[in-house]
């Protein structure tokens, strides 16, 4: 399910769950609901009966310390990664229901501020219309492995990527240009809007 309910039948299905023998899948009326409740129930409190009812967040930071040791990718010091010759491509969908695109940009900016050589080993690509990792109305498939290989082999960091829409058989049905942050993709005003060649990377206004 890709966030939001479009039809009454969708709501009916979610209210009843999907019957799989004696087990019904968990009910989640939207991705926001699923992520928001699931993280708290199963990661923070390890309690499937936990609820937001009467919850005040007064002790949240203390309660989340343990899971934060695993989930909080907030340290901007990537010097060990850099010394090993690592190359990092980051991305976040602007329609991600679990992770804020602004938080990803904030972390990227902190890495850049911490290390003035970071541009040699890190690139960030923001993906319009893309949900959590993939899916959504935007093109969400990118061959990151090939791009990393090219970067390592040539020493040239990627400044542009091609993202694809895929059909039910995982075949491309259109493409769009992605630009290394802070640049953005701009439609040239002509040509197919589902073709990467109709776009250029420009600095934001």
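The values are calculated or read from the model by the stated rules, or taken from the named source; none is laboratory data. Note that the coordinates shown come from a computational prediction; the quantities given were computed from them, not determined experimentally. With ideal geometry, Cβ positions are generated from the backbone for all residues, glycine too; neighbour counts draw on all protein chains shown.
Okay, residues lined up against (1) farther than 14 Å from residue 139 by Cα; (2) in a strand (DSSP E or B); (3) in contact with a strand residue (DSSP E or B) (Cβ under 7 Å, 6 or more places away or on another chain):
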position	(1), (2), (3)
165	no, yes, yes
169	yes, no, no
176	no, yes, yes
179	no, yes, yes
182	yes, no, no
186	yes, yes, yes
191	yes, no, no
197	yes, no, no
205	yes, no, no
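Taken as a whole, segment 101-123 holds at least one residue that is within 21 Å of residue 157 (Cβ to Cβ) and in contact (Cβ under 8 Å) with a residue 60 or more places away in the chain. Residue 131 meets the stated requirement of being over 23 Å from residue 81 (Cα atoms), surrounded by 19 or more Cβ atoms within 10 Å (Cβ to Cβ) and either modelled with pLDDT under 95 or within 16 Å of the chain's Cα centre (by Cα) (or both). For residue 133, the requirement of being assigned by TED's automatic domain parsing to the domain that holds residue 106, touching a strand residue (DSSP E or B) at 6+ places or on another chain (Cβ under 9 Å), in a loop (DSSP other than H, G, I, E, B) and touching a residue at least 24 places away in the same chain (Cβ under 8 Å) is met. Checked against the criterion of being more than 20 Å from residue 161 (Cβ to Cβ), part of a loop (DSSP other than H, G, I, E, B) and over 11 Å from the mean Cα position of the chain (by Cα), the candidates 70, 74 yield just one match: 74. Residues considered: 80, 103. Of these, the only one that is modelled with pLDDT of 90 or more, over 22 Å from the mean Cα position of the chain (by Cα) and not in a loop (DSSP other than H, G, I, E, B) is 80. Restricting 119, 73 to residues that are under 19 Å from residue 184 (Cα atoms) and either at pLDDT below 95 or surrounded by fewer than 18 Cβ atoms within 10 Å (Cβ to Cβ) (or both) narrows the list to 119.
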